[in-house]
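For reference, the structure discussed in these notes is given below.
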Amino acid sequence: MDLLNDSSDSQDQDAEFEISDDIVLAAYVIGCASVVGYVETYMNKVPMHTNIQTGYAWVQYTLDGNEMKCHNAFRMSSHVFQQLCHTLRTRYGYDGTKRVCLEESVAMTLTLLGNAMGNRMMQDRFQHSGEIVHRHVAIVVTLLATVMAADIIKPTDPTFHTVPSRIRGSTQYWPHFKGCIGAIDGVVLPVEEQHPYRGRKGATTINCLCTCDFDMKFIFACVGWEGSAHDTRIFLNCLNNESDNFPKPPPGKYYLVDSGYPMKSGFLAPYKGERYHMPDFQRGTELHHPEEGFNYVHSSLRSVIERTFGVWKNRWKILRCMPAFHIRTQNYIIVATIVLHNFIRAHDQNDVNPGRSASDASESSENGHYDGVADVVSYLDEAEMKQIRNSITSSICTNHN
C-alpha cells in the first residue's frame, strides 16, 4: 500500500511540474510579445505629422490666397478673420500658446464649426496631436460663448430710439410699423442627448429662443432648453427671469412674434384664424379682409428672423450635425456660432443683404406654429396690443386705398 501511495504522489508532483512549466512558458511568450509591442509602438514609431506644410503655414496660405477659398475654409473673409484675432488678442487677452499661435487656434475652431471636421482630420490638417486640437478649440469656443457673448449678443442701441432703416425706407412698412424693433422666434437644433431632449418629432433636439434686429443680427439668445419645451414656456420664462437679461422693449416699441406667442405688452402678434405665412399669399389669391392685409405685411417684416436663422445655420455646418459632446459643450458651440454670426454681420459689408424679399428666405427657415397652439395662449393677450394692432390695420387699409 505504501508503494502505491508513493507512486501516486510522484505522478501528482510530475503533473504539477508540467503545469508550472506551461505557465512559465506562457508568461515568457507574453513578456516577449509585450517587449516587441513596446518597441514597435514607442521606439520604432513612424512619425505621423510629417507634412512639410505646417498648420500655421496652411492658415497663412489660405488667408493670403483666393478670398473664396478663405471663406470656404473659415466661413468668413480674410479681413474679418484678422479682425476677430485682433479683438481676441487686444480686448480679451488671448494670444494662443508657445506652440500654437492665436491665428492657428482660431482657424482650428472655425474649421470645426464651419465644416464639422472630425478631430482626426483636424490633426492631419494642422499637424498637431488630437489633444492639442481639442484643447485649443475648447479654449476658443468657451471664450466666445462665456465672455465675448455678453458684448456681441445685445442691441446696437439699447434705447431703441432709432427707427430701423429697413422700416423707414419702405412704403410697405412705414409709418405703420414705426414702433417695431425686431422679431422673435424659436428654432430647434439637433443634439446628441437623450430624454428629455427628445422633441415632438422623435429626434433629440434643443430649443433656442432668439431675437434679431433688422440687420439680421441676434440681440438675444436663450440656449439650453430641451426640445420638448414649448416656445411659449421659454418666452415667458425669459420675460420673468431677470438674470436672462432679455432686452425688453421700451414704451411705444414692440417685437414681432407669430401666433404661437401671447400678445403681451411690447409683443405684436398677427390675427389668428387668418392666412399668415408668406406661401399662403403667393398662390395668386387676393386679400379678402383687412386682417389678412395686416398679416401679410406682418409676415413679410417678421421674415427677417427666418432669414437670419437660415443664414446662421447654413454658415455653420456643425449646427446640422452636432457631435456627441457633453450637452454643456453643445450649448457653448451654439452660442459661439451666434457670436461669430454677429461679428461677421458687424464687420463684413458684403455679407448677406438683409433687404431681400421674403421669398428668398432660406429653406431652413422655421414654419411657425399651428393655430391650435395659438388658441391656447390667447387668454394672455393684452388689450393694449390689440388696440395697436387694430390701429396699424386701419393705417395699412387707408394707405392702400
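The values are calculated or read from the model by the stated rules, or taken from the named source; none is laboratory data. Owing to the predicted nature of the structure, the values given are computational and were not obtained by experimental measurement. Methodologically, a virtual Cβ is constructed for each residue, glycine included, from the backbone with ideal geometry; neighbour enumeration extends over all protein chains shown. For the accessible areas, the whole protein counts, side chains as well, though only heavy atoms, and no ligand, DNA or RNA atoms are used. Shrake-Rupley method; radii C 1.70, N 1.55, O 1.52, S 1.80 Å.
Data for the structure
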item: Residue satisfying all of: in the stretch 156-173; of a type outside the set (Lys, Arg) and more than 30 Å from the chain's Cα centre (by Cα); surrounded by the fewest Cβ atoms within 10 Å (Cβ to Cβ) among these; result: THR171
item: Index of the failed condition, TYR296 passing every other in (1) closer than 27 Å to SER165 by Cβ; (2) at pLDDT below 85; (3) of a type in the set (Ser, Thr, Tyr); result: (2)
item: Single residue of the stretch 260-278 satisfying the filter (open to solvent by less than 10 Å² (accessible area, probe 1.4 Å) and assigned to a loop (DSSP other than H, G, I, E, B)) that is farthest from PHE160 (Cα to Cα); result: GLY260
item: Cβ-Cβ under 7 Å pairs, at least 6 apart or on other chains, the stretch 294-319 side under 23 Å from TYR271 (Cβ atoms) and among the aromatic types (Phe, Trp, Tyr), far side open to solvent by 10 Å² or more (accessible area, probe 1.4 Å) and not in a helix (DSSP H, G or I); result: PHE294/TYR271; TYR296/LEU287
item: Subset of the stretch 214-226 (residues that are in a loop (DSSP other than H, G, I, E, B), open to solvent by less than 20 Å² (accessible area, probe 1.4 Å) and either in contact with an Asp or Glu (Cβ under 9 Å, 6 or more places away or on another chain) or among the basic types (Lys, Arg) (or both)); result: MET216
item: HIS341 in contact with a helix residue (DSSP H, G or I) (Cβ under 7 Å, 6 or more places away or on another chain), open to solvent by 50 Å² or more (accessible area, probe 1.4 Å) and either among the acidic types (Asp, Glu) or at pLDDT 90 or above (or both); result: no
item: Residue satisfying all of: in the stretch 250-259; in a loop (DSSP other than H, G, I, E, B) and not basic (Lys, Arg); most open to solvent (accessible area, probe 1.4 Å) among these; result: PRO251
item: Counted residues, the stretch 76-91 - those being open to solvent by less than 70 Å² (accessible area, probe 1.4 Å) and under 12 Å from ASP348 (Cα atoms); result: 7
item: Pick from the stretch 235-249, criterion part of a loop (DSSP other than H, G, I, E, B) and open to solvent by less than 40 Å² (accessible area, probe 1.4 Å), ranking: nearest to PHE177 (Cα to Cα); result: PRO249
item: Some residue of the stretch 84-96 being within 22 Å of the chain's Cα centre (by Cα) and within 14 Å of TRP58 (Cβ to Cβ); result: no
item: Given (1) under 30 Å from MET68 (Cβ atoms); (2) at pLDDT below 90, index of the condition ILE327 fails; result: (1)
item: Identity of the residue in the stretch 168-217, in contact with a strand residue (DSSP E or B) (Cβ under 6 Å, 6 or more places away or on another chain) and of a type in the set (Ser, Thr, Tyr), that ends up modelled with the lowest pLDDT; result: TYR197
item: Condition check for HIS71: open to solvent by 90 Å² or more (accessible area, probe 1.4 Å), within 30 Å of GLU103 (Cα to Cα), in a helix (DSSP H, G or I) and modelled with pLDDT of 70 or more; result: no
item: Boolean, LYS317 is open to solvent by 30 Å² or more (accessible area, probe 1.4 Å), among the basic types (Lys, Arg) and at pLDDT 90 or above; result: yes
